[in-house]
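Read-outs: derived from the displayed coordinates by stated rules, not from any lab. All values derive from a computational prediction rather than experimental measurement. For neighbour counting, all protein chains shown are included, and Cβ atoms are generated from backbone atoms with ideal geometry for every residue, glycine included.
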Amino acid sequence: MINKAFLKLFCLRYGIGGHMVCDRNGTPIYYNDKMVAKQQRTGNMVVSYGTDHHKYKPVKGDVK
């Protein structure tokens, strides 16, 4: 069984279809709760599907 606490369901991007928001090490930041991701937005950031979400579609240049 997959632990839902560690699923990469949502992430933040700089604008629609933009680059993923990363931490200081260059690792993308993922969230398992959409509302938490929405609270972390600033500026022109948008919430996007993460790699473990069933609706995720890879975007050229994404880091997995």
For the chain, the dipole about the Cα centre with charges only on Cβ (Lys and Arg +1, Asp and Glu -1), to the nearest 20 debye, works out at 120 debye
Give me, ordered by chain and number, the residues 5 or more places off residue 7 or on other chains with an amide H under 5 Å from its own placed amide H. none
Can you compute log10 of I(q)/I(0) for the chain with the Debye formula, treating each Cα as one identical point scatterer, at q = 0.14 Å⁻¹? -0.36
Once phi is turned into θ = phi - 60°, what whole-Hz ³J(HN,Hα) does the Karplus curve with 6.51, -1.76 and 1.60 give for every residue of the range 12-17, x standing for Gly and Pro? 10, 10, 7, x, 5, x
